[in-house]
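Encoded as structure tokens, the structure appears first; notes follow it.
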Amino acid sequence: MKENYVIGVDFGTDSVRSVLVNADNGKEISSSVFYYPRWKKGLYNDASINQFRQHPQDYIDGITHTINECLADISENDRKNVVAISVDTTGSTPIAVNKEGVALSLLPEFSENPNAMFILWKDHTSVGEAKEINAHAEKFDTNYLKYVGGVYSSEWFWSKILHISRIDEKVRDAAYTWVEHCDWIPFVLTGGQSADSLKRGVCAAGHKGLWAEEFKGYPPEEFFVTLDPILKGQVEKLGIDTHSSSHSVGNLSAEWAEQLGLSTQVKVGAGAFDCHMGAVGGEIEPYYLSKVMGTSTCDILVVPGELSITVEGICGQVNGSVIPGMTGLEAGQSAFGDAYAWFKNLLTWPLKQLFGEDDEQVKLAEDKLIPLLSEKASPVKPKASHPLAIDWLNGRRTPYANQNLKAAFFDLNLSTDVILLYRSVVESTCFGAKKIVECFVDQNIPVKGIIALGGVAKKSPFVMQMMSDILNMPIRVHRSEQTCALGAAMFAAVVGGVYTDVETAMKAMGQGFDIEYKPNAENVGIYAQRYAKYNELSELLEKNIYHV
């Protein structure tokens, strides 16, 4: 009996990961990681203005390298049994393309222009445009923001393309349309040659692009033209049709089949965002909050059928964006692992200046710093007098997106040491997680439990135990090291015809859970007191200092 193989590809912030999976049982045959070389060098980024761009050539090189490396572990005969490829990406991460669908920065005249590259999810250069969109939406009888939580973010599609269109005339004039990363990769793999034939996924369109079934597509042309005439014609080029990730957008092109040593019979699935496919890879259940915990968090909850209400303050509710037949609800935190990385960089900066970034002892210190801090901070019991932090180091995503907000620290004194300061950073990210849970619960969306996925969940017992204490809820950590790529592989198994639906693929290919954190009763009460103080101070901060 022949075995069926699928490939899941996960484009993250720093790297792309591919996994080759036996679709019949979910066994991972091989995996490969490719770190984006241009991104690693810091090219095209300027953190001082929150500009973060990625070159499409990094993506193309990455998918070629990782899939070929995965396939090197199986025979030529077994390659014939690869039935489908599906991809997930960060988002919202759009790019301008010409009429043929070619990303502008792949053309010689735009190859070094950051505005012609992918605008990464964490790029906040369009905070002004987001503010304009929110004010503009209030002028219409129809609430076009109702399915994105009522507030539009600078992390999302329309804010970004409006900003680039305003500041770069050459890119604006050369751009036929704009495409999300998760939609562009399948278009490339299938050999797309016309942007008009590009198939867009419901995940990106609904959660970031204002597409909704109620609107029969996107908001009308009038909405965008009256926002800024510079957007004239853009919504028409997006089309009105969208596809769930269980849908095939075509077959692998002859060119890509040759590069990868695969058949043109391989199906390519519609793309989606990493956290949505990660939730599937992590075996999400209705009313369980799936937290994909990396540089940021993306929190996913699914509700069977359609909701009769619109949930405010979140990052979208879209039918079929996670599992067809269910409503996908998205929330998240703009900085999670990034907050710990920021703290680490503060502490290692003097060492790098004194001894050089390439010094072996400096590199060793950098690698061991966060684990050491976690080890020393873990036995410390929380106290009311400890320093308290607000977690808006990269603005706030949920509840009610506001990227203008800044972080803050309170109750520091000369006795404050690095351990207590680190604890306050971790605690603040866990408090941010609690705000998300409350955002759902307060609107009658129950949260029955937490499913934790991603690098932080797997590597930091200290963070996970504190989060369980603060949420006063058990947290299950999924066994898979690469739930996003595994989720993509599950969708590929449906696209390739191995399974009829995503739920069946999850049951057959799921890897289960390897640890569960339970609240420590001794800590729950004091964290509740500190959380009340967190709420008080964050409200003070937002209303009186960073009110916009």
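Read-outs throughout are calculated quantities, based only on the coordinates presented, and are distinct from any laboratory measurement. All values reported here derive from a predicted model rather than from experimental measurement. Cβ coordinates were reconstructed from backbone atoms using ideal geometry, including for glycine residues, and neighbour counts include every protein chain displayed.
Local charge sum around D10 (other residues, Cβ-Cβ under 10 Å, Lys/Arg +1, Asp/Glu -1)?
-1
Using a Cα-Cα cut-off of under 25 Å, which lysines could be cross-linked to K383, ignoring same-chain neighbours fewer than 8 residues away?
K344, K406, K434, K435, K518, K533
By its C-alpha gyration tensor, with a ≥ b ≥ c as the square roots of the eigenvalues, how is region 174-244 shaped: rounded for a/c under 1.5, else prolate for a/b larger than b/c, else oblate?
Note, shape of region 174-244 comes out oblate.
Say the cut-off is 32 Å between C-alpha atoms; which of K27/K267; K199/K459; K291/K376 go over it?
From K27/K267; K199/K459; K291/K376, over 32 Å: K199/K459.
Among the DSSP beta bridges whose two residues both lie in the chain, what percent are antiparallel, rounded to the nearest 5?
70 percent
Binning at 10 angstrom from zero up to the longest distance, how are the C-alpha pair distances of the chain distributed in percent?
Computed distribution, short to long bins: 4, 19, 29, 28, 16, 4, 0.
Determine ³J(HN,Hα), in whole Hz, for all residues of region 106-115 in sequence, where each value follows from phi through the Karplus function 6.51 cos²θ - 1.76 cosθ + 1.60 and θ = phi - 60°; x replaces Gly and Pro.
Those phi angles translate into 8, 8, x, 6, 10, 5, 10, 9, x, 6 Hz.
Please list, or write none, the aspartates and glutamates whose alpha carbon is within less than 19 Å of the alpha carbon of K381, excluding same-chain residues fewer than 8 places away.
Here the aspartates and glutamates satisfying the reach criterion relative to K381 are D411, D417, E427, D469, E522.
Got the relative contact order for region 208-311 handy, in percent, Cα pairs under 8 Å and 6 or more residues apart?
14 percent
Once a ≥ b ≥ c are taken as the square roots of the eigenvalues of the Cα gyration tensor of region 69-205, is the result rounded (a/c under 1.5), prolate (a/b larger than b/c) or oblate (a/b not larger than b/c)?
It comes out prolate by the Cα gyration axes.
Loop-only trypsin sites (Lys or Arg not before Pro) in region 143-244, please: DSSP not H, G, I, E or B, and at most 10 other Cβ atoms within 10 Å.
Taking region 143-244 and a limit of 10 other Cβ atoms within 10 Å, the loop trypsin sites (Lys or Arg not before Pro) found are K216.
Loop-only chymotrypsin sites (Phe, Trp or Tyr not before Pro) in region 119-153, please: DSSP not H, G, I, E or B, and at most 15 other Cβ atoms within 10 Å.
F140
In whole Hz, with x marking every Gly and Pro, tabulate ³J(HN,Hα) for region 320-336 from phi via Karplus 6.51 cos²θ - 1.76 cosθ + 1.60, θ = phi - 60°.
Values, residue by residue: x, 6, 10, 10, x, x, 10, 8, x, 10, 10, 9, x, 10, 6, 9, 10 Hz.
Where the Cα atoms of region 348-396 are projected onto their three principal axes, how long is each span, largest first, in whole Å?
Rounded to whole Å, the extents work out to 40, 30, 16 Å.
Can you give the relative contact order of region 1-41 as a percent, counting alpha carbon pairs under 8 Å and 6+ residues apart?
Dividing the mean separation by the residue count of region 1-41 yields 34 percent.
Which ³J(HN,Hα) values, rounded to whole Hz and listed in residue order, are derived for region 78-91 from phi using the Karplus coefficients 6.51, -1.76 and 1.60 in 6.51 cos²θ - 1.76 cosθ + 1.60 with θ = phi - 60°, glycine and proline given as x?
Per-residue couplings from phi come out as 5, 4, 5, 9, 6, 9, 6, 10, 10, 10, 10, 9, 5, x Hz.
Can you pull out the GluC sites (Glu not before Pro) in region 305-357 that DSSP calls coil and that have at most 14 other Cβ atoms within 10 Å?
E306, E357
Below 15 Å, Cα to Cα, which aspartates and glutamates can K448 reach? Residues fewer than 8 away in the same chain don't count.
E283, E285, D299, E438, E516
What percent do you get for the relative contact order of the chain when only Cα pairs under 8 Å and 6+ apart count?
Relative contact order, the chain: 16 percent.
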